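For reference, the structure discussed in these notes is given below.
The values are calculated or read from the model by the stated rules, or taken from the named source; none is laboratory data. What you see is a predicted model, and the numbers here were worked out from it, not measured in a lab. All Cβ positions, glycine included, derive from the backbone under ideal geometry; neighbour counts span all protein chains shown.
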Amino acid sequence: MQNDKLGNWKRTHRCGEPTAVLIGQEICVMGWVQRRRDHGGLIFIDLRDREGIVQLALDPDRDVTSHRKAEQVRTEYVIAARGRVSARPQGTVNPRMKTGEVEIEVTELRILNRSETPPFMIDEYTEVAENIRLKYRYLDLRRPALQRNLMMRHLVARTVRTYLDGQGFIEVETPVLTKSTPEGARDYLVPSRVNVGNFYALPQSPQLFKQLLMVSGFDRYFQIVKCFRDEDLRADRQPEFTQIDCEMSFVNRDDVIATMEGLIAAIFKEAIGLEVQLPMERLTYAEALRRFGVDNPDLRFALELVDLTALVADSQFKVFAEVAAAGGLVKAINVKGGADFSRKDLDGFTDFVKIYGAKGLAWVKVTEEGWQSPIAKFFTAAELIRLNQELSSEVGDLLLFVADTAGITNEALGRLRGHLGQRLGLASKDDYRFVWVTDFPLLEWDAEAKRHVAVHHPFTSPLEEDIPLLDSDPGKARAQAYDLVLNGSEVGGGSVRIHDPSVQSRLFELLGIGEEEAQLKFGFLLDALSYGAPPHGGIAFGLDRLMMILTAADSIRDVIAFPKTQKATCMLSDAPNAVDEKQLQELGIRLRKKQE
RNA sequence: GGGGCUGUAGUAGAGUCGGUUACAACGCCGGCCUGUCACGCCGGAGGUCGCGGGUUCAAGUCCCGUCAGCCCCGCCA
């Protein structure tokens, strides 16, 4: 059957638009058939586009041709309709629809294209398995949830451009085909045909280029830019993701933070109408770890970690005493009113902390009769009093202890804290708690590689007062680095950079990057820094993670139009795929047999 | 590299202790219906129980392997 031609028809309104103010007007709408309700005589069609749904009414008494055509119409057909907007008869108004007061009395209908029956319904009710959704992504994207998310993403991108433009930032594009550098994530490599045997790398971030732009005098730069990291995926991690990347000259940490708080406030105002209180809270890295165990704490609830190491160091409970003697940490959280958790729940919490390397979880139920706990018998009455004091414990509370190395205790108990906050409903999705985490360590020791690695990146400036530590005790040096954390999620991070080539060389040295290698890999940066580099610093926000929070999405895939699966494949296009031998030959590449 | 969850008509599910022809819903197809709106009523079609192997008289169900999707650890300057 032949489709109708569009001809010279012009769409006058989107489907979500017609309301009572248009009553009496002749309009033309185009879209997809959400549903057809055929009453034998009268036919109703719900017509959908990205702005909403409007009801078409086809009456054989008004126009036989269009009514007959409407009988052939099926779900997801693309049609165009002309007619008069009219008030619905009394008692037939649909208050749940924006357009529910009116309908279009169709006088002419055109079927612009037919559609196969879709594999799933294009509505907000039907739940569909992720693999089916991804295979038919173009259909999933028709559904209201993803339409909403991507339209909000556009709104956010627009707000970013408007705000930063207003602050004197200039949008500059940087190369996608760039140079592989040591440090950091695995690079995606792109072979060069013109230079057989050599490879480009896709950028993990435009870090070096934006610093060069500061040397070039652009003063304030930004870019909404794709970044690539060849690492394993998570619910909030994709191999290609988008950063709001910014860099500023002649600024210190507080200047960057103040400017960026304005950006975040503008985004939240525009996207969800939220007034963000400024200035935002701040925590040092050390305090975040001490109180919450992690560097990305969710501040929507308390449940803080209490350090009991000194208190239990001399106790009869060997597990605690030995950890204390070995320089580890014994910490606990008090789950208020948690004493009614079942044994099964407690076993579940124990399994949970084991994921993060803890050997176990000690629990105490505080009852009228005192501690109900496998470890109660190890403590003297005096110790129990002090423990209860430190933990502010009351009858009905549940105390949970982890004893291990500092790293494991903090991580395990901190993650358990987050888990419990979610489970106990302490973390409301309507609550937005921003916090800047500052004063990160500059370096951390990589036991496997037996060298220091940069916590942030190798271009991060130490705190000025900590520069002497680079020679005496580099592991203690703190960085002028900062993360923005929102509800337990790291949404952005940045630093003031090194603008002095001698300090930069010293850093490479500490990272075990020899002078020759530094010249080879980063020579262009060192050269640039030697030609009058201004003091500069910047930040990058993860746009995808911001969008997850703004849309309350559980998965990063719900804020990206065409995301990849956990195995980094695209179910729609079937990428990545094998290529012709001829293509490989041109690139000088031969594939090795898989090692068994 | 490792741990876990899931896989049954187009979709999302039920399927008991291994036992007759694998259920009902939504969708789809046909018919009826002039005020419905996740319309209604009647009828119908639709299945490689992810795939392979094994145990058994008999496997959707039990065992082994494998594939895919998802969640997590490692990894992610």
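Being more than 11 Å from RNA strand B (Cβ to nearest atom), under 30 Å from A:Lys567 (Cα atoms) and within 17 Å of the chain's Cα centre (by Cα) narrows it down to one residue among A:Glu231, A:Glu240; which is it?
Details: A:Glu231 fails: more than 11 Å from RNA strand B (Cβ to nearest atom).
One residue alone meets the criteria, A:Glu240.
If you go through region A:559-570 and keep only what is within 11 Å of RNA strand B (Cβ to nearest atom) and surrounded by 21 or more Cβ atoms within 10 Å (Cβ to Cβ), you end up with just A:Pro563. Among helices (runs of 4 or more DSSP H) entirely within region A:136-223, having at least 1 residues that are of a type in the set (Gly, Ala, Ser) singles out A:144-166.
Just need a number here: residues in region A:287-299 that are surrounded by fewer than 18 Cβ atoms within 10 Å (Cβ to Cβ) and in a loop (DSSP other than H, G, I, E, B). Counting residues in region A:287-299 that are surrounded by fewer than 18 Cβ atoms within 10 Å (Cβ to Cβ) and in a loop (DSSP other than H, G, I, E, B) gives 0. The set of residues from region A:83-94 being under 24 Å from A:Ile122 (Cα atoms) and more than 9 Å from RNA strand B (Cβ to nearest atom) is empty.
Okay, residues lined up against (1) under 21 Å from A:Thr438 (Cα atoms); (2) surrounded by 20 or more Cβ atoms within 10 Å (Cβ to Cβ); (3) not charged (D, E, K, R):
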| position | (1), (2), (3) |
| --- | --- |
| A:Glu509 | no, no, no |
| A:Leu520 | no, no, yes |
| A:Ser530 | no, no, yes |
| A:Ala540 | yes, yes, yes |
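When the residues of region A:124-144 are narrowed to those that are in contact (Cβ under 8 Å) with a residue 40 or more places away in the chain and surrounded by fewer than 13 Cβ atoms within 10 Å (Cβ to Cβ), which ends up nearest to RNA strand B (Cβ to nearest atom)? So the residue we want is A:Asn131.
Only strands (runs of 3 or more DSSP E) whose full extent lies in region A:317-379 are considered here, and the ones with at least 3 residues that are within 31 Å of the chain's Cα centre (by Cα), aliphatic (A, V, I, L, M) and under 18 Å from A:Phe292 (Cβ atoms) are A:329-335.
Within region A:257-286, restricting attention to residues that are β-branched (Val, Ile, Thr) and in a helix (DSSP H, G or I), which residue is nearest to A:Thr551 (Cα to Cα)? Talk me through it step by step, then tell me what you get.
Residues of region A:257-286 β-branched (Val, Ile, Thr): A:257, A:259, A:264, A:267, A:272, A:276, A:284.
With in a helix (DSSP H, G or I) added as a condition, the list becomes A:257, A:259, A:264, A:267, A:272.
Numbers: A:Ile257: 24, A:Thr259: 24, A:Ile264: 15, A:Ile267: 13, A:Ile272: 9 Å.
Step by step, filter region A:257-286, then rank; the result is A:Ile272.
One residue stands out among those in region A:439-458 that are assigned to a loop (DSSP other than H, G, I, E, B) and at pLDDT below 95: the one that is farthest from RNA strand B (Cβ to nearest atom), which is A:Lys450.
Among all positions in region A:261-283, there is no residue which is within 16 Å of RNA strand B (Cβ to nearest atom) and buried (at least 21 other Cβ atoms within 10 Å of the Cβ).
Looking across region A:48-81 at every residue that is under 27 Å from A:Leu139 (Cβ atoms) and among the charged types (D, E, K, R), the one that is farthest from RNA strand B (Cβ to nearest atom) is identified as A:Arg50. Residues A:Val579, A:Val559, A:Val496: which one is of a type in the set (A, V, I, L, M, F, W, C) and at pLDDT below 95? Only one candidate qualifies: A:Val579.
Out of everything in region A:432-443 that is of a type outside the set (A, V, I, L, M, F, W, C) and under 17 Å from the mean Cα position of the chain (by Cα), what residue ends up being nearest to A:Tyr482 (Cα to Cα)?
Step one: of region A:432-443, the residues of a type outside the set (A, V, I, L, M, F, W, C) are A:432-433, A:438-439, A:441.
Still in the running and under 17 Å from the mean Cα position of the chain (by Cα): A:432-433.
On the way: A:Tyr432: 19, A:Arg433: 16 Å.
Ranking the qualifying residues of region A:432-443, first place goes to A:Arg433.
Here is a check on your reading of the model: is A:Leu526 touching a Ser or Thr at 6+ places or on another chain (Cβ under 9 Å), modelled with pLDDT of 90 or more and surrounded by fewer than 18 Cβ atoms within 10 Å (Cβ to Cβ)?
Details: touching a Ser or Thr at 6+ places or on another chain (Cβ under 9 Å): yes; modelled with pLDDT of 90 or more: yes; surrounded by fewer than 18 Cβ atoms within 10 Å (Cβ to Cβ): yes.
Answer is yes for this residue.
Residues that are of a type in the set (Lys, Arg) and either closer than 30 Å to A:Thr460 by Cα or more than 10 Å from RNA strand B (Cβ to nearest atom) (or both): does region A:182-193 have at least one? Within region A:182-193 (the criterion being of a type in the set (Lys, Arg) and either closer than 30 Å to A:Thr460 by Cα or more than 10 Å from RNA strand B (Cβ to nearest atom) (or both)), the answer is yes, since at least one residue qualifies.
With the structure loaded, tell me whether A:Thr75 is among the β-branched types (Val, Ile, Thr), farther than 17 Å from A:Gly16 by Cβ and in contact (Cβ under 8 Å) with a residue 24 or more places away in the chain or whether it fails that test. Before you say what the answer is, go through the steps one by one.
On the way: among the β-branched types (Val, Ile, Thr): yes; farther than 17 Å from A:Gly16 by Cβ: yes; in contact (Cβ under 8 Å) with a residue 24 or more places away in the chain: yes.
Yes.
Look at (1) at pLDDT 95 or above; (2) within 16 Å of RNA strand B (Cβ to nearest atom); (3) aliphatic (A, V, I, L, M) and you find that A:Ile355 fails only one, number (1). Scanning region A:131-185 for residues that are within 17 Å of A:Glu51 (Cβ to Cβ) and among the small types (Gly, Ala, Ser) gives a single hit, A:Ala145.
Across region A:548-594, the qualifying residues are those that are in contact (Cβ under 8 Å) with a residue 40 or more places away in the chain and of a type in the set (Gly, Ala, Ser), and the one among them that is nearest to A:Leu146 (Cα to Cα) is A:Ala561.
Among residues of region A:391-428 being in a strand (DSSP E or B) and of a type in the set (A, V, I, L, M), the one that is farthest from A:Phe341 (Cα to Cα) is A:Ala403. Could you check how many residues of region A:571-596 are more than 12 Å from RNA strand B (Cβ to nearest atom) and in contact with a Leu (Cβ under 8 Å, 6 or more places away or on another chain)? Residues flagged as more than 12 Å from RNA strand B (Cβ to nearest atom) and in contact with a Leu (Cβ under 8 Å, 6 or more places away or on another chain) within region A:571-596 amount to 3. Of the residues making up region A:121-135, those that are under 19 Å from A:Ala553 (Cβ atoms) and out of contact with any strand residue (DSSP E or B) (no Cβ under 8 Å at 6 or more places or on another chain) are A:Glu124, A:Tyr125, A:Thr126, A:Glu127, A:Val128, A:Ala129, A:Glu130, A:Asn131, A:Ile132, A:Arg133, A:Leu134. Restricting attention to region A:9-26, does a residue exist that is away from RNA strand B (no atom under 15 Å from the Cβ), more than 40 Å from the chain's Cα centre (by Cα) and among the aliphatic types (A, V, I, L, M)? Yes - at least one qualifying residue is present in region A:9-26.
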